[in-house]
Structure formats: C-alpha cells, structure tokens
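Here the structure comes first, spelled out in structure tokens, and everything after it is commentary.
Readers should treat all values here as calculations from the given coordinates under stated rules, not as data from a laboratory. None of these values were measured; they are calculated from a predicted model. Please note: Cβ atoms are built from the backbone with ideal geometry, for glycine as well, and neighbour counts cover all protein chains shown.
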Amino acid sequence: MKRVLIVDDSKQVRERLISLLSDYPEIRIVGQAGNGREALDALDEQQPDTVILDIRLPGRNGIQVLGDIKTARPEITVIMITNYDFEQYRKQCMQLGADHFFNKTLEFEKVIDVLVR
C-alpha cells in the first residue's frame with residue numbers, strides 16, 4: 001500500500017486529489033498540508049512513502065520542501081504538481097530529485113497513473 005501525503009495550498013486541490021485517490025485500495029492518504037512547514041511536520045509524523053507537492057506554497061515553497069525531503073529521506077517518491085509549468089521550475093525540481101513533474105491543468109490524472117502502476 002502506498003502511503004501518500006498531499007501538499008497544496010489550495011484546499012480544493014487537496015480535496016480533489018483525496019476524492020480521486022480514495023477509489024484505489026492500494027493508496028492510503030496519510031495526511032495533507034497547506035504550507036511548507038506543515039508538510040515537513042507531516043513528513044515526520046505520518047511517514048509517507050509518496051508526497052504530492054505543489055510548487056507555490058506559503059512560507060517554504062515547494063521547491064525548498066522538495067530539497068528538504070530528498071535530503072532527509074531520498075527514498076520518498078515526490079510528485080510535483082503545479083500551474084506554473086515553466087521549464088526552469090521543471091529542471092530545478094528534477095535536479096533536486098523530483099520523481100515526476102506534472103502540470104495541474106493538463107496532467108492531473110497522471111498522478112493517479114503514477115500511484116497505481
């Protein structure tokens with residue numbers, strides 16, 4: 001079973017992901033966070049093996065949080081999701097160890113594909 005932490009500043013996006021992923025018995029949502037600090041706290045408390053992470057977050061942004069995650073626990077799969085699908089963001093995230101990088105508007109469903117395959 002994949003233990004998933006969802007990190008996005010939009011409650012609507014978090015709820016949409018939870019709704020989409022709750023249909024899959026092999027996925028367990030272990031927590032959610034709306035900012036970088038909450039994400040890092042939840043990482044320690046919930047012990048996810050996968051984090052779905054937005055780039056734009058209040059406080060520590062998603063790129064900084066990605067670096068923190070991959071430094072502390074490189075085995076965690078990190079799926080970046082963003083409405084800011086700029087090449088420089090994609091490149092920076094991949095250099096920091098992101099496993100996937102998806103545009104929320106165009107590739108939202110790919111998150112499911114990654115988690116259930």
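Here are some notes:
- Length released on extending from residue 3 to residue 116, taking residue separation times 0.36 nm less the Cα-Cα span: 39.5 nm
- You can think of it this way: the chain between residue 49 and residue 72 has 7.0 nm of extra reach, that is 0.36 nm per residue less the Cα-Cα gap.
- Peptide ranges 49-56, 106-113, 29-36, 80-87 listed from the most packed, as the mean C-beta count within 10 angstrom indicates: 49-56, 29-36, 80-87, 106-113
- Relative contact order computed over the chain (Cα-Cα under 8 Å; 6+ residues apart), in percent: 24
- Theoretical FRET efficiency, 1/(1+(r/R0)^6), r = Cβ-Cβ of residue 11 and residue 95, R0 41 Å, to 0.05: 0.85
- The chain - Rg over Rh from alpha carbon coordinates, Kirkwood radius: 0.91
- Simple label model, 7 Å out from Cα along Cβ direction - residue 23 to residue 103, nm: 2.4
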